[in-house]
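Here the structure comes first, spelled out in structure tokens, and everything after it is commentary.
The values are calculated or read from the model by the stated rules, or taken from the named source; none is laboratory data. Remember, it's a predicted structure, so these values are computed and weren't measured experimentally. Cβ coordinates were reconstructed from backbone atoms using ideal geometry, including for glycine residues, and neighbour counts include every protein chain displayed.
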Amino acid sequence: MASGLEALTSWVTEMAALTRPAHIHWCDGSDAEYNALVQQMLQSGDLVELNQQTHPGCYLHRSDPADVARVEHLTFVCHPQREDTGPNNHWMAPDEAHAKIDALFDGCMAGRTMYVVPYCMGPIDSPLARCGVEITDSPYVVANMRIMTRMGAAAQARIEREGMLSNGTFVKGLHSTGELDPERRYIMHFPAELSIKSYGSGYGGNALLGKKCHALRIASNQARSEGWLAEHMLIVGIENPRGETHYIAAAFPSACGKTNLSMLIPPASYLRDGWKVRTIGDDICWMRPGPDGRLWAINPEAGFFGVAPGTCSGSNPNALETIARDTIYTNVALTADNQPWWEGLPGTPVIDWRGRPYDAANGPAAHPNSRFTVSARQCPTWSQEAEAAHGVPISAIVFGGRRPSLVPLVFEAHHWSHGVLVGASMGSETTAAATGTVGVMRRDSMAMKPFCGYHYGDYFAHWLSFDQAGARLPKVFHVNWFRKGRDGKFLWPGFGDNLRVLEWMIDRVEGRLDGVETPIGILPGPAELKLDGLDLERHQLDELLAVDHAGWQAELAAIGEYLETCMPRLPERLRKEQQRVAEALTEMLRQPRQADATT
Ligand code: GTP
Ligand code: SPV
Ligand code: MN
């Protein structure tokens with residue numbers, strides 16, 4: 001086998017022959033390199049300097065107005081066999097996909113610099129980490145990759161070292177901003193070749209190839225064949241006053257609260273009692289069974305690419321503190337004194353995200369998917385455990401989405417197979433994180449609909465396969481922070497108060513609380529949620545914890561239909577779980593007195 005360096009240089013030579021750049025720059029990840037890129041982008045107008053008194057080291061990037069979010073309809077997973085891609089992805093035959101996108105790459109870097117960006121997803125010395133190299137013509141992408149990944153010389157050294165090993169093959173990503181024409185834009189994945197080709201977008205998950213393309217779509221394939229999981233999950237450590245620390249991994253769809261939960265600030269009474277929060281990751285979790293049978297998790301990322309709108313001192317003071325310096329903002333608005341601004345912040349916008357004088361008639365001042373890119377180390381709750389090579393042990397897995405009705409605040413799955421069903425059944429209203437209509441309910445199994453790089457049926461089977469002799473699997477829960485009352489307002493205060501729900505989970509994990517058995521799972525008993533200091537009326541709590549059996553019967557039928565889309569690869573065990581829950585609901589409805597009861 002060729003050494004890692006030979007494999008890398010020959011691929012770079014090949015890509016340079018295709019794209020024909022004027023210069024090739026191998027990134028070392030140094031401060032000097034980052035600063036030079038920033039200076040260059042300030043000159044070219046790719047970056048605008050923000051108020052350096054209030055926001056030192058902060059810059060604004062305005063992306064093309066037609067390039068502001070992930071593009072799921074232009075994202076392809078190109079397995080050699082169409083069936084392996086599944087109903088959850090768009091497919092193109094690999095040859096056709098290469099031909100189509102290579103025609104766009106042909107000579108596209110003429111007169112420009114090609115950056116070679118070696119990166120490591122995960123702590124550089126972790127056996128769970130994986131490397132990649134992104135070739136790009138966008139200095140904005142390079143600067144973002146430096147913040148979001150362990151980028152540069154150390155990653156390249158690991159690639160060179162691992163070239164000799166069987167599992168050492170790095171993921172090859174080729175990216176060009178192209179003309180930013182949505183008609184000439186593709187995000188292509190070739191799992192069998194461990195490669196990614198992305199053309200025509202400079203935005204977020206479309207262009208920072210280490211993130212969704214590598215760490216989820218490609219890695220989910222590697223995880224499947226190597227016996228681990230690559231998931232769209234935050235990782236948070238919760239230390240209670242007893243001194244117990246539990247790590248919780250939670251999968252919510254895009255813009256549904258992962259960043260917020262990962263760095264939550266406990267309610268005042270919890271802080272007084274000594275509760276502590278440790279942030280490990282806010283978007284992606286790679287986990288595998290350890291020798292003790294537990295799932296051990298790492299965050300493959302080194303930074304946050306977080307949603308700006310809604311981030312404020314009331315909801316997420318930790319994030320606000322994190323992004324007060326050395327942050328790249330994308331598509332936010334500006335105040336009169338050149339500070340970044342978005343909906344939810346105090347102050348007044350003067351320039352909107354497109355650089356125009358702000359006019360409410362043009363819509364929000366900041367784009368709804370405007371974001372910040374910042375090193376995770378700047379987060380006040382960032383934990384050294386995020387650098388642990390072996391990862392952290394996961395006590396609970398949480399699924400959740402935006403469900404304005406039906407779905408209670410929290411419930412626990414009966415066992416692992418039921419937990420897999422709960423994850424597979426997830427639904428949520430769509431958000432501005434992807435192009436398309438916002439606020440439409442869709443199924444989003446494990447929050448991986450846009451990110452699972454293979455057939456959902458095989459994916460569910462992979463999840464089920466962890467239930468083995470000797471396994472000490474986490475408990476599985478489902479939450480819904482987004483239930484609305486008759487007045488159309490959220491019933492649950494959310495944010496820091498979500499710790500109250502996490503506390504219940506931890507007590508369940510520790511066997512300290514009984515909960516209440518229902519057909520859909522185990523809910524908190526009447527006095528089991530600690531609600532001191534909360535302005536929540538009795539009827540609101542009742543609504544939040546109600547199980548509407550008839551409504552759930554219809555939901556289970558809809559889930560059954562949805563699971564059918566994975567046939568013939570739907571695991572029989574999952575179908576049986578769906579039937580078990582559906583039958584338990586039917587049984588409940590046959591006993592009118594019990595069916596009326598809430599909890
Ligand atoms: P991606 O980065 O797209 O994967 O998003 P995310 O899952 O990290 O979502 P994030 O934490 O950035 O939250 C997205 C939006 O949901 C923000 O506007 C938040 O203010 C809002 N949000 C987060 N948590 C809560 C909550 O507990 N309750 C309510 N009502 N809104 C929340
Ligand atoms: C998401 O959409 O889930 C994100 C943002 O985390 S992006 O990196 O653009 O995919
Ligand atoms: Mn995400």
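Brief remarks on what is shown
- Single unsatisfied condition, Met263 versus (1) of a type in the set (A, V, I, L, M, F, W, C); (2) within 17 Å of the chain's Cα centre (by Cα); (3) more than 30 Å from His73 (Cα to Cα); (4) more than 16 Å from ligand 2 (Cβ to nearest atom): (4)
- Just so you know, in region 175-223 the residues that are more than 22 Å from the chain's Cα centre (by Cα) and aliphatic (A, V, I, L, M) include one that is farthest from Val142 (Cα to Cα), and it is Ala192.
- When Gly525, Gly533 are checked against the criterion of being closer than 26 Å to Thr311 by Cα and more than 26 Å from the chain's Cα centre (by Cα), a single residue qualifies: Gly533.
- For region 243-271, the set of residues classified as within 17 Å of Val410 (Cα to Cα) and either at pLDDT below 95 or within 16 Å of ligand 3 (Cβ to nearest atom) (or both) consists of Ala249, Ala250, Ala251, Phe252, Pro253, Cys256, Gly257, Lys258, Leu261, listed by residue number.
- Each residue in region 277-293 was checked for being among the charged types (D, E, K, R), within 16 Å of ligand 2 (Cβ to nearest atom) and under 13 Å from Gly227 (Cα atoms), and 0 of them qualify.
- Of residues in region 465-491 being surrounded by fewer than 19 Cβ atoms within 10 Å (Cβ to Cβ) and aliphatic (A, V, I, L, M), the one farthest from ligand 3 (Cβ to nearest atom): Ala469
- Residue in region 91-109 that is part of a strand (DSSP E or B), without any contact (Cβ under 8 Å) to a residue 40 or more places away in the chain and surrounded by 15 or more Cβ atoms within 10 Å (Cβ to Cβ) present: no
- Of Glu537, Glu528, Glu543, Glu555, all but one fail to be of a type in the set (D, E, K, R), closer than 24 Å to Asp487 by Cβ and in contact with a strand residue (DSSP E or B) (Cβ under 9 Å, 6 or more places away or on another chain); the exception is Glu555.
- Flag for Ile323 being within 16 Å of ligand 2 (Cβ to nearest atom) and either under 21 Å from Gly204 (Cα atoms) or in contact (Cβ under 8 Å) with a residue 12 or more places away in the chain (or both): yes
- Scanning region 160-208 for residues that are in a loop (DSSP other than H, G, I, E, B) and away from ligand 2 (no atom under 16 Å from the Cβ) yields Gly163, Met164, Leu165, Ser166, Asn167, Gly168, Thr169, Phe170, Gly178, Glu179, Asp181, Leu194.
- Subset tally (residues that are out of contact with any Phe, Trp or Tyr (no Cβ under 9 Å at 6 or more places or on another chain), of a type outside the set (D, E, K, R) and within 11 Å of ligand 1 (Cβ to nearest atom)) for region 471-490: 0
- Qualifying residue in region 494-507 (condition: part of a loop (DSSP other than H, G, I, E, B) and not small (Gly, Ala, Ser)): no
- Residue check, Arg486 farther than 16 Å from Leu531 by Cβ, more than 20 Å from the chain's Cα centre (by Cα) and assigned to a loop (DSSP other than H, G, I, E, B): yes
- Annotation note: of Thr279, Thr245, Thr311, the sole residue that is among the polar types (S, T, N, Q) and more than 16 Å from ligand 1 (Cβ to nearest atom) is Thr245.
- Checking Tyr358 against (1) farther than 22 Å from Pro317 by Cβ; (2) within 16 Å of ligand 2 (Cβ to nearest atom), the condition it does not meet: (2)
- Every residue from region 231-249 that is touching a Leu at 6+ places or on another chain (Cβ under 7 Å) and within 14 Å of ligand 2 (Cβ to nearest atom): His232, Leu234
- Restricting Gly274, Gly290, Gly310 to those that are modelled with pLDDT of 95 or more, under 26 Å from Ala155 (Cβ atoms) and of a type outside the set (Val, Ile, Thr) reduces the list to Gly290.
- Scope region 332-346; condition farther than 15 Å from Val374 by Cβ and part of a loop (DSSP other than H, G, I, E, B); matching residues: Thr335, Ala336, Asp337, Asn338, Gln339, Glu343, Gly344, Leu345, Pro346
- Taking region 5-59 as the range and being among the acidic types (Asp, Glu), within 26 Å of Gly107 (Cβ to Cβ) and crowded, with 16+ Cβ neighbours inside 10 Å as the test, only Asp46 passes.
- Residue in region 552-571 that is without any contact (Cβ under 8 Å) to a residue 24 or more places away in the chain and in contact with a helix residue (DSSP H, G or I) (Cβ under 7 Å, 6 or more places away or on another chain) present: yes
- Scan of region 160-192 for residues that are modelled with pLDDT of 95 or more and acidic (Asp, Glu), ordered by number: Glu179, Asp181, Glu183
- When Ala69, Ala2 are checked against the criterion of being within 16 Å of ligand 3 (Cβ to nearest atom) and either modelled with pLDDT under 95 or surrounded by 15 or more Cβ atoms within 10 Å (Cβ to Cβ) (or both), Ala69 stands alone in meeting it.
- Test: residue in region 401-410 that is hydroxyl-bearing (Ser, Thr, Tyr) and either at positive phi or crowded, with 19+ Cβ neighbours inside 10 Å (or both): no
- No other residue among Ala365, Ala324, Ala336, Ala361 is aliphatic (A, V, I, L, M), at negative phi and surrounded by 19 or more Cβ atoms within 10 Å (Cβ to Cβ) apart from Ala365.
- Odd one out for Glu183, checked against (1) within 16 Å of Leu5 (Cα to Cα); (2) without any contact (Cβ under 8 Å) to a residue 24 or more places away in the chain: (1)
- Test: residue in region 120-134 that is hydroxyl-bearing (Ser, Thr, Tyr), at pLDDT 95 or above and outside any loop (DSSP other than H, G, I, E, B): no
- Residues considered: Ala389, Ala433. Of these, the only one that is away from ligand 2 (no atom under 16 Å from the Cβ), touching a Ser or Thr at 6+ places or on another chain (Cβ under 8 Å) and not aromatic (Phe, Trp, Tyr) is Ala389.
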